[in-house]
Amino acid sequence: MPSDSPFVPRADARPDDAPWPSVLWPVPQGSILAVRGVQLTLATEADAPELFDALDHDAVWVHVKGRPASPAGWVTALNAAPAIGRTPWTVRLDGAVVGTTSYLEVSPGDARLEIGFTTYTPSAWGTIVNPACKLLLMQWAFEAAGMGRVQLKTDIRNARSQTAIAKLGAQFEGVLRRYQRRGDDTMRDTVLFSVLADEWPAVERRLEARVVECRSLGAPHLA
């Protein structure tokens with residue numbers, strides 16, 4: 001039921017903003033991002049068989065739609081990605097493919113992008129992989145591309161993902177109600193987080209510490 005309280009307009013948090021410089025986009029071909037055994041390369045058709053093998057688990061696709069049914073399905077999905085504004089990366093841990101993640105919802109003119117469509121093989125959940133990927137992708141977005149905002153979204157039913165995003169240091173911004181269709185055609189509420197350029201140095205230090213801590217334990221798993 002709507003509240004009877006009057007709406008109070010939000011004030012501009014940055015009334016003295018200076019003009020934002022132009023950003024670098026798209027990601028240059030051949031880009032490789034790497035830290036402590038985790039490597040991201042722009043996804044190609046040649047990655048399709050390994051992506052299928054790594055991600056062909058029911059648990060991976062509970063909160064993500066568009067599951068490819070074969071390596072050929074991965075080729076189709078990767079080839080279709082640019083047309084829908086998605087830049088997919090293949091994620092490797094110590095040389096083995098363990099998942100994929102993407103830049104999407106990119107608006108170079110507004111100096112912002114989203115990190116999403118992220119799927120990892122179950123054995124990589126709760127390990128160095130996710131914090132390392134977010135560190136690398138946000139480093140490139142803020143420091144190489146010059147973005148002012150990176151956002152992350154997840155299904156409200158995916159408590160594990162919400163917790164993981166919050167641990168990165170991203171700020172919770174709210175819930176987008178009935179925002180998009182799930183794979184089963186139910187309508188999803190979407191939880192929205194973001195990191196701004198001025199927040200990035202603190203988030204970067206936090207992510208770097210998590211990645212170092214993980215590898216210092218002698219195994220890829222975080223507590």
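The values are calculated or read from the model by the stated rules, or taken from the named source; none is laboratory data. Bear in mind the structure is a predicted one, so any value in this text is a computation, not a measurement. Positions of Cβ are backbone-derived with ideal geometry, glycine not excepted, and every protein chain shown enters the neighbour counts.
Tell me, please, whether a residue that is assigned to a strand (DSSP E or B) and either acidic (Asp, Glu) or at positive phi (or both) can be found in the stretch 81-99. It would help to see each step written out before you state the result.
Taking the stretch 81-99 first, the residues assigned to a strand (DSSP E or B) are 87-93, 96-99.
Okay, now just the ones that are also either acidic (Asp, Glu) or at positive phi (or both), so 99.
Checking the stretch 81-99: at least one residue is assigned to a strand (DSSP E or B) and either acidic (Asp, Glu) or at positive phi (or both).
Restricting to the stretch 11-37, name every residue that is among the aliphatic types (A, V, I, L, M) and assigned to a loop (DSSP other than H, G, I, E, B).
As a first pass, look at the stretch 11-37 and keep what is among the aliphatic types (A, V, I, L, M): 11, 13, 18, 23-24, 27, 32-35.
Passing the criteria: ALA11, ALA13, ALA18, VAL23, LEU24, VAL27.
Anything in the stretch 158-217 that is over 20 Å from ARG10 (Cβ atoms) and of a type in the set (Phe, Trp, Tyr)? List them, or say none. Selection gives TYR179, TRP200. Of the residues making up the stretch 118-132, those that are surrounded by 19 or more Cβ atoms within 10 Å (Cβ to Cβ), part of a helix (DSSP H, G or I) and of a type outside the set (A, V, I, L, M) number 2.
The residues of the stretch 59-90 that are out of contact with any strand residue (DSSP E or B) (no Cβ under 8 Å at 6 or more places or on another chain) and of a type in the set (Ser, Thr, Tyr), listed by number, are SER70, THR76.
If you go through the stretch 38-80 and keep only what is of a type outside the set (Asp, Glu), in a loop (DSSP other than H, G, I, E, B) and at pLDDT 95 or above, you end up with ALA43, THR44, HIS57, ARG67, PRO68, ALA69, SER70. Somewhere in the stretch 26-49, is a residue surrounded by 12 or more Cβ atoms within 10 Å (Cβ to Cβ), more than 30 Å from ASP198 (Cβ to Cβ) and hydrophobic (A, V, I, L, M, F, W, C)? Yes - at least one qualifying residue is present in the stretch 26-49.
Show me the strands (runs of 3 or more DSSP E) found entirely inside the stretch 133-223 where at least 2 residues are touching a strand residue (DSSP E or B) at 6+ places or on another chain (Cβ under 9 Å) and surrounded by fewer than 16 Cβ atoms within 10 Å (Cβ to Cβ). Steps first, please.
Working: elements: 149-155, 171-181, 187-196.
Strands (runs of 3 or more DSSP E) meeting the threshold: 171-181, 187-196.
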